[in-house]
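Asks: Take this structure first; my questions come after.
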Amino acid sequence: MNSFRYIFFSLLIFLFLGLKNRPGHEKIFYDTAIIYLKSKYPKGYLQTLRTDCEKLTNRVNVKNFKGFQISNTTIGNSSGLVLCDVIKRIYKSDSCGELLAGNSFFVKRIRDSVNVQIDRQLEFDKTNDAHSYVKSIASTKEIGLVIFFSSVFENTLSAEEKEFCTSYNLDKNWQGSSDIYHFIFYPSGEIKEVFQGKKFYN
């Protein structure tokens, strides 16, 4: 039980690593996150995606393909979908499932604690500088590799990467999976930690 208490209190520390971000400072976090994400999906990966889309759609609408793009559709700032990665790093284990097997109450307690602060902000404040900046760099292509960002909250930022061969706004019945990233930044804008997870669509 002591090991689970260690994880629990370590996750509470994880929650409050960042200081409150300064107004207008969010642009640095987005720029840094974009550089990081572009390194995860290089040009060769994007070219393969385009080729796959051409085969899948018989070249229909591929002229609207853009390899790496930012969406002005927002997601929630949450660490819930990277929880397994958080636990594995804290406990230095390859399997968070084995660590938490049979401890469903503890899992719920961790998840609630991690999200209690972050999930208060599920959408952008439409008037803040961060939203204006993301909107200014967003693409209208809607086909290709798309990054969805959250708002910045206490030096944290969430991002979802998903690939589309048709317009994601027209096709609401998303399939497959997406990559989830949860960034923790130093106040200077440098990345302190990145946690990763998966989101699955029916």
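The values are calculated or read from the model by the stated rules, or taken from the named source; none is laboratory data. Computed from a predicted model, the values in this text were never measured in an experiment. Positions of Cβ are generated from backbone atoms using ideal geometry, with glycine treated the same way; all protein chains shown enter the neighbour counts.
Asks: Does Gly102 satisfy being among the small types (Gly, Ala, Ser) and either assigned to a helix (DSSP H, G or I) or at pLDDT 65 or above (or both)?
Replies: no
Asks: Kindly indicate whether any position in the stretch 54-68 is among the aliphatic types (A, V, I, L, M) and modelled with pLDDT of 70 or more.
Replies: Yes: one or more hits.
Asks: Quick one: in the stretch 141-159, of everything that is assigned to a loop (DSSP other than H, G, I, E, B) and modelled with pLDDT under 85, which residue is surrounded by the most Cβ atoms within 10 Å (Cβ to Cβ)?
Replies: Going through the qualifying residues, I end up with Glu142.
Asks: Hey, can you tell me all the residues within the stretch 47-69 that are surrounded by fewer than 12 Cβ atoms within 10 Å (Cβ to Cβ), basic (Lys, Arg) and not in a loop (DSSP other than H, G, I, E, B)?
Replies: Listed by number, the residues that qualify are Lys55, Lys63.
Asks: Moving to a separate point now. Any residue in the stretch 84-96 that's touching a residue at least 24 places away in the same chain (Cβ under 8 Å) and crowded, with 16+ Cβ neighbours inside 10 Å: show its pairings with residues that are not acidic (Asp, Glu) and not in a helix (DSSP H, G or I) at Cβ separation under 6 Å, as long as the two are six or more apart or on different chains.
Replies: Asp85/Phe195; Asp85/Gln196; Asp85/Gly197; Val86/Phe195
Asks: Is there any pair linking a residue in the stretch 175-202 that is at positive phi to one that is hydrophobic (A, V, I, L, M, F, W, C), with Cβ under 8 Å and at least six apart or on different chains, and which?
Replies: Between residues of the stretch 175-202 that are at positive phi and residues that are hydrophobic (A, V, I, L, M, F, W, C), the close pairs are Gly176/Phe200; Gly189/Ile28; Gly189/Phe29.
Asks: Could I ask something else about it? For residues in the stretch 22-31 being part of a helix (DSSP H, G or I) and of a type outside the set (Phe, Trp, Tyr), which is modelled with the highest pLDDT?
Replies: Residues of the stretch 22-31 part of a helix (DSSP H, G or I): 26-31.
Checking the rest, the ones that are also of a type outside the set (Phe, Trp, Tyr) come to 26-28, 31.
Working: Glu26: 83, Lys27: 90, Ile28: 92, Asp31: 95.
Residue satisfying both the conditions and the ranking: Asp31.
Asks: Would you tally the residues in the stretch 32-46 being surrounded by 12 or more Cβ atoms within 10 Å (Cβ to Cβ) and in a helix (DSSP H, G or I)?
Replies: 9
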